[in-house]
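Notes follow the structure.
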Amino acid sequence: MNSPASGGGCGLILDKIDFLLKVQQIADGVDQVEPLLEDLADQIKDKEGCRPKVSERFFVLMQDIDPWSLEILQYCMHDLRWSEVSDHAVILLRQEERVGRHRLYERLLESFDDSWPEREFFRRYSG
């Protein structure tokens, strides 16, 4: 059920993102989460009107980037290629001084490319 604060039909997408963040921490490998990632990406594509709200949620994920949020962002952005997310990632990359987080932003930006090295881990993108 959509929470009223989530913004109508977009709430389901935002809830899926939050659910994925929790599931990834207990999942054993990408095989267990890919169906959820695929569903999320498809829902986002089906609801173009939710793009501003989803972009804002992605900006929050990027601000506190970690391996779990990175995977969600990479999976979705390899398909969607939203310029506002890419632009925001470039800004964060330039500002980041910590090597580990700097590399997470680099990996996110790599996912916008057709030759994204990590695509081979995902059934949807490896074939």
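The values are calculated or read from the model by the stated rules, or taken from the named source; none is laboratory data. For clarity, every value in this text was computed on a predicted model and none was experimentally measured. No Cβ is skipped: glycine too gets one built from the backbone with ideal geometry, and neighbour counts run over all protein chains shown. Heavy atoms of the whole protein, side chains included, go into the accessibility calculation; ligands, DNA and RNA do not. Shrake-Rupley method; radii C 1.70, N 1.55, O 1.52, S 1.80 Å.
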Practice task
Filter region 94-125 down to the residues that are hydroxyl-bearing (Ser, Thr, Tyr) and part of a helix (DSSP H, G or I), then identify the one that is nearest to residue 84 (Cα to Cα).
Solution key: 105
Handout entry: Count - residues of region 113-125 that are more than 17 Å from residue 42 (Cα to Cα) and open to solvent by less than 70 Å² (accessible area, probe 1.4 Å)
Key = 2
Exercise for the section: Name the one entry in 73, 12 that is crowded, with 18+ Cβ neighbours inside 10 Å and either touching a Phe, Trp or Tyr at 6+ places or on another chain (Cβ under 7 Å) or touching a residue at least 24 places away in the same chain (Cβ under 8 Å) (or both). Expected result: 73
Problem - Boolean, residue 45 is in contact with an Asp or Glu (Cβ under 8 Å, 6 or more places away or on another chain) and more than 18 Å from residue 118 (Cβ to Cβ) - result: yes
Fill in the blank from the handout: Being under 16 Å from residue 10 (Cα atoms) and part of a helix (DSSP H, G or I) narrows 40, 73 down to just 40
Exercise for the section: Kindly indicate which of 65, 91 is at pLDDT 95 or above and in a helix (DSSP H, G or I). Expected result: 91
Problem - Some residue of region 24-46 being open to solvent by less than 80 Å² (accessible area, probe 1.4 Å), more than 14 Å from the chain's Cα centre (by Cα) and farther than 21 Å from residue 120 by Cα - result: no
